[in-house]
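The values are calculated or read from the model by the stated rules, or taken from the named source; none is laboratory data. None of the values given here were measured: they were computed from a predicted structure. Here the Cβ is made from the backbone with ideal geometry for all residues, glycine too, and neighbour counts use every protein chain on show. The accessibility values were calculated without ligands, DNA or RNA, using every heavy atom of the protein model including side chains. Shrake-Rupley method; radii C 1.70, N 1.55, O 1.52, S 1.80 Å.
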Amino acid sequence: MNSYGGSERAPGRAVMSKLTPVRLVALGFAAAIAVGAGLLMTPAATQSGSDTDLLAALFTATSAMCLTGLIVVDTPTHFSGLGQGIVVALIQIGGFGIMTMASLVGLILADRIGLRGRLNAAVEVRTSGLGDVRSVVIGVVRTSLAIETIVAGCLALRFALGYGEPPARAIWLGVFHSVSAFNNAGFALFSDNMIGFATDPWICVPLMVAVVLGGLGFPVLFEVARHVRRRSRRRWSLHTRLTLSVSAVLLVLGPVLVLLLEWSRTLTGYGITEKFLVALFQGVMPRTAGFNSIDYAQADDATLLVTNVLMFIGGGSGGTAGGIKVTTFAVLLFVILAEVRGDRAVTVFDRRIDARVQRQALTVALVGVALVMVPVVVLLAGTDFDLDVLLFEVVSAFATVGLSTGITAHLPVWGQLILILLMYLGRIGSITMVSALAARDRGRRYTLPTERPFIG
């Protein structure tokens, strides 16, 4: 007992009280990455029976846990069945963890500030009617397993019937790639990723469906499912309408641009129908899964730039996708349109966007730009690689996509450590940032004089 009669465990309780949900997310991911790296370093996790060095194990564990897909060792040839199992387990834990914790943070923040005007604080996951914590977690797990099981079944049948794989091997390939696709990870058990299946719609289409569903985000999936189940005529929330509409535009624009830019390059040699399938696949994957059916090392510079933009925007909030998120991009786009039109308020689908949400979107986007540009400058100054491939690699790491031109394993140790940090920040950064911005919201009892600096 201390002099004030308090318990000696008070400092411990004080430390625990500081572990907010946001901090628990960050610490939980870091702990899981450390455990995963330790397991991948064991001889049993490799096909050769030798140890995996610390950097390669740490890079792989981070990439899997953060649902990225960048690699420094070839997954199918370096890791044994046990090692591949550890990788897919990390992917699944990362998918469950990020989605359930994001939903929980959103619910906690909504409860905390609901009486103060329902501040749209958790932009990452905010949606109405998610229910209690238990129903959110159960809903995430059930939905994930249901989609992954269906996709795994489709893939397993194709691998068995179309490629003569033994039943056990076909099932393993189906499960691994289904989990990797739905969680937007992009890990594959083929050394050329999906290039060998570029013209097979029975492989590519299920993967694309899983990637799109995982990238939309659970708040959107829950709301759409609820409306379909209840046959409700009530309008979808603004978040769902924004996510679906912007995603639809990007899912059309991406493949069209890939088709036009790569028609005479990486798509040469394919038939007309095959070119459309390959372009569709590569237009979807930057949303943000690292599967590739073309060799990006041979792609046009314009294709790399378009893919950079798609990767940076990313997918929906509260799901497995990375990037700054489509809702952030949409809010900023409507802010620009409102300013160009001279409107006093930013309106979307007959709803006014709160000024605090506009500031949050601007903050997330500009911090994202900084997290991309600073590493690019450092890597450009310290390596011999060109700007286009370095920018592609950094954006892919930050947006947790996993697409690569093949330089990841050839970066120096410090360069790979930068990518590890970027993958980690890209996965937990947006949740941490938006939640922190919301938690710090406070009103003032006074206002300062207004002045207008020159713009432009």
Counted residues in segment 344-385 being surrounded by fewer than 12 Cβ atoms within 10 Å (Cβ to Cβ) and small (Gly, Ala, Ser) come to 4
Considering every residue within segment 49-59, establish whether at least one is of a type in the set (Phe, Trp, Tyr), modelled with pLDDT of 90 or more and out of contact with any Leu (no Cβ under 7 Å at 6 or more places or on another chain).
-> yes
Can you name the number of the only condition in (1) buried (at least 21 other Cβ atoms within 10 Å of the Cβ); (2) modelled with pLDDT under 95; (3) aliphatic (A, V, I, L, M) that Leu244 fails?
-> (1)
For residues that are touching a Ser or Thr at 6+ places or on another chain (Cβ under 9 Å) and assigned to a helix (DSSP H, G or I), scanning just segment 284-293, find the one that is most open to solvent (accessible area, probe 1.4 Å).
-> Arg287
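Would you be able to tell me the number of residues in segment 36-50 that are in contact with a helix residue (DSSP H, G or I) (Cβ under 9 Å, 6 or more places away or on another chain) and part of a helix (DSSP H, G or I)? Give the steps one after another, and end with the answer.
Taking segment 36-50 as the starting set, the residues that turn out to be in contact with a helix residue (DSSP H, G or I) (Cβ under 9 Å, 6 or more places away or on another chain) are 36-42, 44-50.
From the residues that got through so far, the ones that are part of a helix (DSSP H, G or I) too are 36-40, 44-45.
Qualifying residue count, segment 36-50: 7.
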Among the candidates Ala338, Ala399, Ala381, Ala409, residue that is in contact with a strand residue (DSSP E or B) (Cβ under 8 Å, 6 or more places away or on another chain) and at pLDDT 90 or above = Ala338
Are any of the residues in segment 419-429 in contact with a Pro (Cβ under 7 Å, 6 or more places away or on another chain), part of a helix (DSSP H, G or I), at pLDDT 60 or above and open to solvent by less than 40 Å² (accessible area, probe 1.4 Å)?
-> yes
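Suppose we filter Thr268, Thr303, Thr307 for residues that are farther than 19 Å from Gly368 by Cα, of a type in the set (S, T, N, Q) and not in a loop (DSSP other than H, G, I, E, B); which single one remains? Full working, then the answer.
Details: Thr268 fails: not in a loop (DSSP other than H, G, I, E, B); Thr307 fails: farther than 19 Å from Gly368 by Cα.
Thr303 is the lone residue from the list that is farther than 19 Å from Gly368 by Cα, of a type in the set (S, T, N, Q) and not in a loop (DSSP other than H, G, I, E, B).
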With the condition kept exactly as written, say whether any residue in segment 254-277 is open to solvent by 30 Å² or more (accessible area, probe 1.4 Å) and among the acidic types (Asp, Glu).
-> yes
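Quick check on segment 249-265. Is at least one of its residues in contact (Cβ under 8 Å) with a residue 60 or more places away in the chain and under 24 Å from the mean Cα position of the chain (by Cα)? Walk me through it before giving the result.
Going through segment 249-265, the residues in contact (Cβ under 8 Å) with a residue 60 or more places away in the chain turn out to be 250.
Filter once more, so that each one left must be under 24 Å from the mean Cα position of the chain (by Cα): 250.
So far as segment 249-265 goes, yes, one or more of its residues are in contact (Cβ under 8 Å) with a residue 60 or more places away in the chain and under 24 Å from the mean Cα position of the chain (by Cα).
Specify which of the listed residues (Thr347, Thr408, Thr400, Thr363) is of a type in the set (Ser, Thr, Tyr) and over 21 Å from the mean Cα position of the chain (by Cα).
Thr347
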Since Phe334 meets every condition but one in (1) aromatic (Phe, Trp, Tyr); (2) surrounded by 16 or more Cβ atoms within 10 Å (Cβ to Cβ); (3) in contact (Cβ under 8 Å) with a residue 40 or more places away in the chain, which condition does it not meet?
-> (3)
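Count, please, the residues in segment 193-223 that happen to be part of a helix (DSSP H, G or I) and open to solvent by less than 10 Å² (accessible area, probe 1.4 Å). Working first, answer last.
Step one: of segment 193-223, the residues part of a helix (DSSP H, G or I) are 195-197, 201-216, 218-223.
Among the residues that remain, those that are also open to solvent by less than 10 Å² (accessible area, probe 1.4 Å) are: 203-204, 207, 210-211, 214-215, 218-220, 223.
Adding up the residues that qualify gives 11.
In the list Phe182, Phe187, which residue meets the criterion of being aromatic (Phe, Trp, Tyr), surrounded by 17 or more Cβ atoms within 10 Å (Cβ to Cβ), in contact with a Ser or Thr (Cβ under 6 Å, 6 or more places away or on another chain) and at negative phi? Before you say what the answer is, go through the steps one by one.
Values: Phe182 fails: in contact with a Ser or Thr (Cβ under 6 Å, 6 or more places away or on another chain).
It is Phe187.
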